[in-house]
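S.K.: Can you keep this structure in mind? I'll have questions shortly.
The values are calculated or read from the model by the stated rules, or taken from the named source; none is laboratory data. Remember, predicted model here, so these are calculated numbers, not experimental data. Ideal geometry is used to build each Cβ from the backbone, glycine not excepted, and the neighbour counts take in all protein chains shown. Ligands, DNA and RNA are excluded from the accessible area calculation, which covers all protein heavy atoms including side chains. Shrake-Rupley method; radii C 1.70, N 1.55, O 1.52, S 1.80 Å.
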Amino acid sequence: EAQKEEFKQVWQRVGEQRQAVCVGQTQMHVTAEQVVARMRQYLCYSVARREVNQVDFLYFSAKTSNQLSVFCELALQQNANGVKLSVRTEAVPLLPLFLSYVSEVLRVQWHPQQQAVLPRSSSWPLRSDHRQTRRWGPST
């Protein structure tokens, strides 16, 4: 379980170059407490939480069995089913896997018109001259 300071350091170091962002909706309205409990059941741990304008921002960390870290910010509408997920990791190939994981765990349907923007895995490690992105979305 990452502490707030570790989360912040890694989040800033990884940056937007190794980030995926998706927008979608849950099948039913869920509270922040329900999301934290559900994610914990599947070994994704809450790091912090804040509220801004009727939106709960939840911050989570997870580690793979081979100790690769994944961090995310989940924006959850308090009075609706909308969610926005931002995921960062130094292991870029984990990004689409984590998006699928969150979709399954929280029963989120990602909006096709709001497909995640992922860095190109083939340019790993990322260099400043290789900031191209590719689109990824749910298979439907």
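S.K.: Kindly provide the set of residues from the stretch 81-99 that are outside any strand (DSSP E or B) and open to solvent by 10 Å² or more (accessible area, probe 1.4 Å), ordered by number.
M.R.: Of everything in the stretch 81-99, those that are outside any strand (DSSP E or B) and open to solvent by 10 Å² or more (accessible area, probe 1.4 Å) turn out to be Asn81, Glu90, Ala91, Pro93, Leu94, Pro96, Leu97, Phe98.
S.K.: List every residue pair whose Cβ atoms sit under 9 Å apart, with the two residues 6 or more apart in sequence or on different chains, where the first one lies in the stretch 25-45 and is closer than 13 Å to Val102 by Cβ and the second, anywhere, is among the acidic types (Asp, Glu).
M.R.: Val35/Asp56; Tyr42/Glu104
S.K.: A follow-up question, please. Quick check on my filter: what residues within the stretch 15-39 are within 18 Å of Glu90 (Cα to Cα) and acidic (Asp, Glu)?
M.R.: Glu16
S.K.: Given (1) of a type in the set (A, V, I, L, M, F, W, C); (2) open to solvent by less than 40 Å² (accessible area, probe 1.4 Å); (3) out of contact with any strand residue (DSSP E or B) (no Cβ under 8 Å at 6 or more places or on another chain), where does Leu68 come up short, assuming only one miss?
M.R.: (2)
S.K.: Continuing with the same structure: Please note which strands (runs of 3 or more DSSP E) are completely contained in the stretch 1-65 and include at least 2 residues that are open to solvent by less than 20 Å² (accessible area, probe 1.4 Å), touching a strand residue (DSSP E or B) at 6+ places or on another chain (Cβ under 7 Å) and not aliphatic (A, V, I, L, M).
M.R.: Qualifying strands (runs of 3 or more DSSP E): 19-26, 55-63.
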